[in-house]
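Colleague: I'd like to ask some things about the structure below.
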Amino acid sequence: MKIVTCIAPVNIAVMKYWGKRDEDLILPINDSLSATLNTNFMCAKTTILASPDLKENKFWLNGKEESFEGKRLQNCLREVQRRAKDMNPDVLGWKIAICSENNFPTAAGLASSAAGYACLVSALAKLYNIEGEISDIARLGSGSACRSIYGGWVRWHKGELSCGEDSVARQVVPSSHWPEMRVLILVVNDKKKKDSSTSGMQRSVDTSDLLLYRSDKIVPKRMEEMITSIKNKDFHNFAKLTMQDSNQFHATCLDTYPPCVYMNDVSHSISGLVHKYNELFDENRVAYTFDAGPNACLYILEKDVEEFLSVVNYVFPPPEVDQVEYLTGMPLENR
Ligand code: DP6
C-alpha cells in the first residue's frame, strides 16, 4: 500500500487565458500570466491511496463521490502513468482511491479547477515517482492548472506545436522578487456560475471577433509590458495593464453570442470604487481583476491594504460583499 498527500494553491491571472486551439489537449490561443497564492489561504488538498486490495478506482471531491471516468481525470492519469517508467511496476497495476478537497468555493470563479488539477497531478507524480516537467500534464486537467505548479509569477506559454509539448508554464520571477504584493478576494457570490469557463470560452472561440483581435494584436505586446512592469516593480503600470486585461476579457465575454455575463452590479461597483480610489492619489494603488465569476480579486501593496480595506468595509458593508478575505503572504515560495 502507498499513500501520498499534496496541497496546491490557486493562481490569479493578470493576463487571462480565454480560448483553446485544441479542446482535448487544452492548448490555448494566447499566453497568460498569473501569480500563485500562498497555500495557507486558498488551496486544494489531495490524498491518493494505492493498494493491491482495492477492487476499483474511486474519486471523491469535497466529500462527494464523483465518476472516475471523467475525460480530464483520465487524460492526466494516463499521461502520468506513461511517464512512470522506473517506478515499482506493482504500484502501477494497483487500483487507486483519490480524495480531493478545496478550502474555498468550488466553481464560483475562484480558480478551483486550477488548484484542483495542479494538486491531483502533483499527487499522482509523487505516487508514481515522476520527476521533471509536470505543468503540461496539469494542463490536461484544466488549462489554468499548469500555472499553479509553480510559485511566484508564472507565464503559461501557449506553444506552437500541435502535440502540446511546448505549451508549458514557466516561472517569470519568484515571489521574493516583490514580497510586498498582496491579494484581496472580495467574495460577492459563492454560488456555482452559470457558464463554466470551459463552455464559455468555447462559445467565445466560435462567435467572438474580439477574441482573435485580442489574442493576435493585444496580448503579445501587453505581455511584454506586463513582465517589464513586474520586473521593475512598477505597480502603477502593472495595475493599469491588469485592469485593462480584465476589462478586455469581459468585453470578449460580452462579444460572445449568446453573451457570457460573469460580472454583476456589485462587481462593477467594486471596479468603480477602485478607479475612484486610485484617482485620489493620481496613481494606481489597487488593481482589480475578475475571472469567470462576479468575485473581485484585488492586487495591492501591503502598505495600502489596511486603508483600502476600511474603505471597502464602509462602502460595501457585509453581507453585500459577503466576506472580505484578506490573503497575506502572496505569492508563495517556489515549488
Ligand atoms: C477566466 O482553466 O478553468 O480563469 O482549461 O477549460 O479548464 P479549462 O478552463 P480554466 O479557465 C480559466 C479562465 C480564467 C482565466 C485564467 O485563469 O487565465
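Taken together, the values in this text are just the output of simple stated rules run on the coordinates, not laboratory data. Please read all numbers here as calculations on a predicted model, not as lab measurements. Note that we place each Cβ from the backbone using ideal geometry, even for glycine, and neighbour counts take in every protein chain shown.
Colleague: Tell me which trypsin sites (Lys or Arg not before Pro) from segment 67-169 have a DSSP coil assignment and no more than 12 other beta carbons within 10 Å of their own.
Modeller: 85
Colleague: Right, next: Just grab the label-to-label distance for residue 71 and residue 269, each label 7 Å out from Cα along the Cβ direction, in nm (one decimal).
Modeller: About 4.0 nm, to one decimal.
Colleague: I've got another one for you. Restricting attention to segment 1-67, which GluC sites (Glu not before Pro) occupy a DSSP loop and are surrounded by at most 16 other Cβ atoms within 10 Å?
Modeller: Here the sparse-neighbourhood loop sites are 23, 56.
Colleague: Rounded to the nearest 20 debye, what is the charge dipole size of the chain about its Cα centre when +1 sits on each Lys and Arg Cβ and -1 on each Asp and Glu Cβ?
Modeller: Around 640 debye, computed over the chain.
Colleague: Just from its helices, what would the mean residue ellipticity at 222 nm be for the chain, if runs of 4 or more DSSP H residues each count -39500 (n - 2.57) and the sum is divided by every residue, rounded to the nearest 500 deg cm²/dmol? Write down the numbers at each step before the final one.
Modeller: Values: 10 runs with 122 residues, N = 335.
Result for the chain: -11500 deg cm²/dmol, rounded to the nearest 500.
Colleague: How about segment 235-318: which GluC sites (Glu not before Pro) there lie in a loop by DSSP and see at most 15 other Cβ atoms within 10 Å?
Modeller: When the GluC sites (Glu not before Pro) of segment 235-318 are filtered for loop state and at most 15 Cβ neighbours within 10 Å, 283 remain.
Colleague: Quick one: what do you get for the chain if you divide its Cα Rg by 2.2 N^0.38 Å? The partial results should precede the final answer.
Modeller: Values: Rg = 19.8 Å, N = 335, 2.2 N^0.38 = 20.0 Å.
My calculation over the Cα atoms of the chain gives 0.99.
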